[in-house]
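The structure under discussion appears below in the form of structure tokens.
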Amino acid sequence: MADRIADIYGDPTPHGRGTVWPARVDLHLEDGVVESDVDRWVQSACLLCSNGCGCDIAVKDGRMVGVRGRATDVVNHGRLGPKGLYGSTIWASSPDRLTRPLVREGGRLVETDWETAMGRIVEVSKRLLDEKGPLSHGFYTSGQLFLEEYYTQAVIGKAGLGTPHMDGNTRLCTATSAAAFKESFGADGQPGSYTDIEHCDAIFLFGHNMAETQTVLWTRILDRTRGDDPPRIVCVDPRRTLVAREAERTGGVHLAPRVGTNMALMNGLTRELFVNGWVDHSWVDEHTIGLDDLRSVVEPYTVEHVAEICDIDGEHLRRAARIFGESTGVLSTVLQGFYQSHQATAASVAVHNLHLLRGMLGRPGAGVLQMNGQPTAQNNRECGADGDFPGFRNWNNPHHVDELATTWNVDPLQIPHWAPPTHAMQIFRYAETGAVGLLWISATNPAVSMPQSGRIRKILAGEQCFVVVQDLFLTETAELADVVLPAAGWGEKTGCFTNVNRTVHLSEKAVDPPGEARSDLDIFLAYSDAMGFTDKDGSPLITWRTPEEAFDAWRSVTAGRPVDYTGLSYDKLRGPSGIPWPVNDQHPEGTDRLYADGVFPTDTDYCETYGHDLITGGTVTESEHRALAPAGRAFLKGAPYTPPHEEPSQEFPLRYTTGRTAYQFHTRTKTGRSRSLNAAAPDAWVELSAADADRLAITEGDWVRVESPRGAIEVRARVGQVMEGAVFAPFHYGHFDPGGDTTDADHRLANELTMTVWDPVSKQPYFKTAACRVTKTRDGDGPAPAPTTTASAPAPSRNGQQVPTTTGGAPTSSTVLPDTPRYILDPSQATGSDDAVPGRS
């Protein structure tokens, strides 16, 4: 039995290049429960990161009591990470679950019944529609609902109300992923596959601390790097993460650019491909446009110039470029270190440029994964709850709008398409002014997660906007709402979700929700019914009543689009779990990777966007796009480096950046209620380099005040692995405390310091680039509460101070299955067909 807090990745199963990742089934049950006690196992997938690991829920006496990995799942081959093992089910039985609706009376939230709560929402909603019209309504949703719920919400917002003000907290974590795909390839959708890990000879991780954000996927990489013919790792990160250490161990490179200089680094890498002749010109000429413009943009970015901008060793840059240029198969992954930093979309597009220049897409071992931060962010993007149009349709293409209008049987003018959909940062600005008079927040906690969070709390608490929150608990955001609706969570409802590499899972209902809590789907249906939304014939706008009926309605909307679900059904998803879209007549068993034929969805009449200027965000018009005649070719797009919005100064001399830890998810609504996870990372901290700590006379565990021009926090210091001049803080911590106490959120909420500034294309806010200062306020009485098993490990001690090793996970078991018949390597995979897909041999 293992402690998976101390041993995050579990038993290794090394294997060689081109062989299937062996199966290993991880299992964790609550204290006192043994496997023979389980009444039944219910199919699902983990919702505590974007990996989407297939699992089964253990049910005993009507309660969820544990989880085990699904050996035949295409994503995880039976493995689960610490959050999945210790955090998946424990929250469901928490005594502070919301079980009845709440309404604000006399400044306090009091319990009420559903009729009263929904009646109050409908009264405000109808009044605002009469007085101000549909622009008075805004929706801010999640990356954690189910596909069926997102699609229902999208239809209500776009065809029922007619508001363009719809977005989700996916804007904070994954908007740049979608934007970069659209700019390069014409439409959203991950080109690569997790199976590329088995076939590549190099892996580049751009701003992606996979060892903490996607622990099972990192396990998959470790099993390659510890096997025969391992890939080399190249890590781009200002911290010396476990990924960086593995890069050094495999003979790769750790590039630690100055925060905010990613674009300069990418231009330097791209120029090196040109200078050294590492460009596949025949493939580029046939499948891309924009080569000459890109070459012109990157020409000034010599190794020496980039080294000066980024404060890196130029030889390290040359070595990284050589690895990319001379490898036969490169897999690149990208996450928040790029998405939440300066020039986010431009830098992420630059990763695509590297692959396009080398023709490294659509074949085993050669692909890109612009990762998501949340488990169902992909569904939010697909279904249109985030402001996009369902099925990756172009809001600026009248034919696409007509397709939706026909499907929903509404007038095309009812669907808001006169301007770009409103992004989250603008929605909150409208709520601040009262232009949005009703803001409906589902399954997310912006009071903690949004930038400049003190401002967000004032908006939510103000009288200018009526706030509705549906959630599992009375979160920091729910405490400020006018109406709070108790929602059912994972395992308490049925629905589908799609992970970061397009793999669709069905999660079956395992138990009933507590008290009067309802599924998000049922809540949206109740609102639609009460509002009386109809189509143009007077029939109900929403015709479905069950999750499966909602899924079938969604399937029909995807026909002919890149995100094609028409070959999927609940029955099919109940088979070997994990099927990557598109699934249709041409691909009845799913599609492991996109663009194997080198044809991209860039045609003017088909694409999801006409594109943008990567520096200004200015839009490309339909006529300009048509004049380019992309004809299924990908776009090579470049941009010069520009300095970040806020540089260090004499008053604020350090660079502040936020991020995550392996043991907590988002704002800890679930993981903070797990004893094992919370003990591993119980409270906020800040990380300084040893050099900066010495200069500021700060030692491990000292209390420090971290200030930016917008706010301050007071937390304990970890003298750790961050580069000199940078300060790192985890963003998870608000005032919620699982022990029942609360703390002043201002004192530890990392986003107090971040800026209300966003990328011009993706509109994703910047959490990685702010200026700050750090001052010691008092001596510590022990080490910082940061884990020692992650990138937050302390720097080597110089004063004899010892930091206890992070342990404390409840026992879990793992069973390695050396021969798993469902995993058969398709010998034809060398041609680019699906490979290592369970149940598809």
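Being of a type outside the set (Gly, Ala, Ser) and surrounded by 21 or more Cβ atoms within 10 Å (Cβ to Cβ) is a property that GLU608 has. In a residue-by-residue description of the range 691-707, the property of being crowded, with 18+ Cβ neighbours inside 10 Å and within 17 Å of VAL448 (Cβ to Cβ) applies to at least one position.
Restricting the range 43-77 to residues that are touching a helix residue (DSSP H, G or I) at 6+ places or on another chain (Cβ under 7 Å) and β-branched (Val, Ile, Thr), the residue that is farthest from VAL504 (Cα to Cα) is VAL67. Restricting attention to the range 584-626 and to residues that are within 25 Å of ASP759 (Cα to Cα), charged (D, E, K, R) and not in a loop (DSSP other than H, G, I, E, B), the residue that is nearest to the chain's Cα centre (by Cα) turns out to be GLU622.
In the range 786-841, the residue that is surrounded by the fewest Cβ atoms within 10 Å (Cβ to Cβ) out of those that are modelled with pLDDT of 50 or more and not in a loop (DSSP other than H, G, I, E, B) is PRO811.
Surrounded by fewer than 23 Cβ atoms within 10 Å (Cβ to Cβ) and among the aliphatic types (A, V, I, L, M): is that true of ILE90 in this structure? Please lay out each step first, then the result.
Numbers: surrounded by fewer than 23 Cβ atoms within 10 Å (Cβ to Cβ): yes; among the aliphatic types (A, V, I, L, M): yes.
Yes; evaluated as a whole, the condition is true for this residue.
The set of residues in the range 28-57 that are touching a strand residue (DSSP E or B) at 6+ places or on another chain (Cβ under 6 Å), farther than 27 Å from ASP571 by Cβ and either β-branched (Val, Ile, Thr) or in a strand (DSSP E or B) (or both) comprises HIS28, LEU29, VAL33.
Based on what the data block shows, is ARG668 surrounded by fewer than 20 Cβ atoms within 10 Å (Cβ to Cβ) and either under 20 Å from ALA256 (Cβ atoms) or modelled with pLDDT under 95 (or both)?
Details: surrounded by fewer than 20 Cβ atoms within 10 Å (Cβ to Cβ): no; either under 20 Å from ALA256 (Cβ atoms) or modelled with pLDDT under 95 (or both): yes.
No, not satisfied.
For the range 166-176, indicate whether the set of residues that are at pLDDT below 95, closer than 27 Å to THR546 by Cα and of a type in the set (Gly, Ala, Ser) is non-empty. Within the range 166-176, one or more residues are at pLDDT below 95, closer than 27 Å to THR546 by Cα and of a type in the set (Gly, Ala, Ser).
Any residue in the range 745-761 that is out of contact with any helix residue (DSSP H, G or I) (no Cβ under 6 Å at 6 or more places or on another chain) and farther than 19 Å from VAL448 by Cα? Yes, there is a match, as at least one residue in the range 745-761 is out of contact with any helix residue (DSSP H, G or I) (no Cβ under 6 Å at 6 or more places or on another chain) and farther than 19 Å from VAL448 by Cα.
Which of the following residues is among the polar types (S, T, N, Q), closer than 30 Å to MET210 by Cβ and surrounded by fewer than 24 Cβ atoms within 10 Å (Cβ to Cβ): GLN414, GLN378, GLN452? Even if it seems obvious, please write down each step before you answer.
Details: GLN414 fails: closer than 30 Å to MET210 by Cβ; GLN378 fails: surrounded by fewer than 24 Cβ atoms within 10 Å (Cβ to Cβ).
Unique residue meeting the criteria: GLN452.
If I filter the range 599-611 for residues that are farther than 26 Å from TRP283 by Cα, among the acidic types (Asp, Glu) and in contact (Cβ under 8 Å) with a residue 60 or more places away in the chain, do I get at least one hit? Among the residues of the range 599-611, not one is farther than 26 Å from TRP283 by Cα, among the acidic types (Asp, Glu) and in contact (Cβ under 8 Å) with a residue 60 or more places away in the chain, which makes the answer no. Note on the range 338-365: residues that are buried (at least 24 other Cβ atoms within 10 Å of the Cβ), out of contact with any strand residue (DSSP E or B) (no Cβ under 7 Å at 6 or more places or on another chain) and small (Gly, Ala, Ser) amount to 5. Just a yes or no: is a residue in the range 205-220 in contact (Cβ under 8 Å) with a residue 12 or more places away in the chain, surrounded by 24 or more Cβ atoms within 10 Å (Cβ to Cβ), aromatic (Phe, Trp, Tyr) and in a helix (DSSP H, G or I)? Yes. Within the set of pairs 6+ apart or on separate chains, which have a first residue in the range 1-12 that is over 14 Å from THR788 (Cα atoms) and in contact (Cβ under 8 Å) with a residue 12 or more places away in the chain, a second that is buried (at least 22 other Cβ atoms within 10 Å of the Cβ) and of a type in the set (D, E, K, R), and C-beta atoms under 8 Å apart? Partner pairs satisfying both residue conditions: GLY10/ARG4; GLY10/ARG24; GLY10/ASP26; GLY10/ARG79; ASP11/ARG24; PRO12/ASP223. Residues of the range 182-226 that are farther than 25 Å from ARG239 by Cα and among the β-branched types (Val, Ile, Thr): THR195 alone.
Looking only at the range 153-177, which residues are out of contact with any Phe, Trp or Tyr (no Cβ under 9 Å at 6 or more places or on another chain) and either of a type in the set (Gly, Ala, Ser) or outside the structural domain of ASP411 (by TED's automatic domain parsing) (or both)? It would help to see each step written out before you state the result.
Our first condition is that a residue be out of contact with any Phe, Trp or Tyr (no Cβ under 9 Å at 6 or more places or on another chain); within the range 153-177, this holds for 162, 170.
Answer for the range 153-177, where residues must be out of contact with any Phe, Trp or Tyr (no Cβ under 9 Å at 6 or more places or on another chain) and either of a type in the set (Gly, Ala, Ser) or outside the structural domain of ASP411 (by TED's automatic domain parsing) (or both): just GLY162.
Considering only residues that are of a type in the set (D, E, K, R), farther than 18 Å from MET263 by Cβ and in contact (Cβ under 8 Å) with a residue 24 or more places away in the chain, which ones fall in the range 301-352? Talk me through it step by step, then tell me what you get.
Within the range 301-352, the first condition is being of a type in the set (D, E, K, R), and the residues that meet it are 304, 308, 311, 313, 315, 318-319, 322, 326.
From what is left, the residues that are farther than 18 Å from MET263 by Cβ are 313, 315, 318-319, 322, 326.
Across the range 301-352, the qualifying residues are ARG318, ARG319, ARG322, GLU326.
Listed by position, the strands (runs of 3 or more DSSP E) contained in the range 101-190 that have at least 2 residues being hydroxyl-bearing (Ser, Thr, Tyr) and surrounded by 24 or more Cβ atoms within 10 Å (Cβ to Cβ) are 137-141.
Of the residues LYS768, LYS763, only one is crowded, with 23+ Cβ neighbours inside 10 Å and either at pLDDT below 95 or in contact with a Phe, Trp or Tyr (Cβ under 6 Å, 6 or more places away or on another chain) (or both); which? Residue meeting the stated conditions: LYS768.
The values are calculated or read from the model by the stated rules, or taken from the named source; none is laboratory data. For clarity, every value in this text was computed on a predicted model and none was experimentally measured. We place every Cβ from the backbone using ideal geometry, glycine too, and count neighbours over all the protein chains shown.
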